[in-house]
1. Give the residues of region 49-82 that are in contact with a Lys or Arg (Cβ under 7 Å, 6 or more places away or on another chain) and within 16 Å of the ligand (Cβ to nearest atom), sorted by residue number.
2. Give the residues of region 1-18 that are in contact (Cβ under 8 Å) with a residue 24 or more places away in the chain and more than 17 Å from the chain's Cα centre (by Cα), sorted by residue number.
3. Take region 30-48 and flag every residue that is among the aromatic types (Phe, Trp, Tyr) and within 10 Å of the ligand (Cβ to nearest atom).
4. Can you tell me which residues in region 19-34 are in contact (Cβ under 8 Å) with a residue 24 or more places away in the chain and closer than 20 Å to residue 70 by Cα?
5. In region 111-142, how many are assigned to a helix (DSSP H, G or I), β-branched (Val, Ile, Thr) and under 14 Å from residue 78 (Cβ atoms)?
6. Of 21, 27, 36, which residue is surrounded by 16 or more Cβ atoms within 10 Å (Cβ to Cβ) and at positive phi?
7. Residue under question is residue 117, and the condition is that it be in contact (Cβ under 8 Å) with a residue 24 or more places away in the chain and out of contact with any Phe, Trp or Tyr (no Cβ under 9 Å at 6 or more places or on another chain); does it hold?
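What follows draws every value from the coordinates through simple rules; no lab data is involved. The structure displayed is predicted, hence computed values, not measured ones. Glycine gets a Cβ as well: all are built from the backbone with ideal geometry, and neighbour counts include every protein chain shown.
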Amino acid sequence: MSDLTELYQEIILDHNKYPRNYGCLDNYTDKGEGHNPLCGDEVTVYWKLGPEDIKALSFQARGCAISQASASMMTQILKGKSVEEAQELFQLLRRHLTQECEDEEFPEELGELAALAGVRKYPARIKCATLAWHAMCDKISD
Ligand code: ZN
């Protein structure tokens, strides 16, 4: 196992063990739910949208480490982003998790999400890695 693979696994395990922004959000403006029947993952994402950006996010989830870690990292990276920026990050993440950019390195703006690169080898897990993102971004797209 390479050092990078080990580092990625540590990041995922850490977010799984100590999820960031976990729980329901006070005064959230909207929420989205996701369910991945293939793996049994369930996630609810809460967010508070201000006039210009996403003020706060939180999530509650049950399921595998990948889905929980991805949700946890998402609530960190999308805070302070505009809806448009959030959509762009999701598209970027999706492209880098699927075959499209298989051999490319994760761009810097995805930060810790690079730790999800391991799912490229397991297409069934891509749904785990994008579940929370769909739950939120499919809903705030309009
Ligand atoms: Zn899963």
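1. Residues satisfying the conditions are 66, 72.
2. Selection gives 5, 7.
3. Within region 30-48, the first condition is being among the aromatic types (Phe, Trp, Tyr), and the residues that meet it are 46-47.
Once the filter is applied, which keeps residues that are among the aromatic types (Phe, Trp, Tyr) and within 10 Å of the ligand (Cβ to nearest atom), region 30-48 yields nothing.
4. Of all residues in region 19-34, those in contact (Cβ under 8 Å) with a residue 24 or more places away in the chain come to 19-25, 28, 30, 32-34.
Correct list: 19, 20, 21, 22, 23, 24, 25, 30, 32, 33, 34.
5. Looking only at region 111-142, we keep the residues that are assigned to a helix (DSSP H, G or I), and these are 111-121, 123-137.
After this cut, where a residue has to be β-branched (Val, Ile, Thr) as well, the list is 119, 126, 130.
If we keep only those that are under 14 Å from residue 78 (Cβ atoms) too, we end up with 130.
Here the count works out to 1.
6. 21
7. Numbers: in contact (Cβ under 8 Å) with a residue 24 or more places away in the chain: yes; out of contact with any Phe, Trp or Tyr (no Cβ under 9 Å at 6 or more places or on another chain): no.
In short, no.
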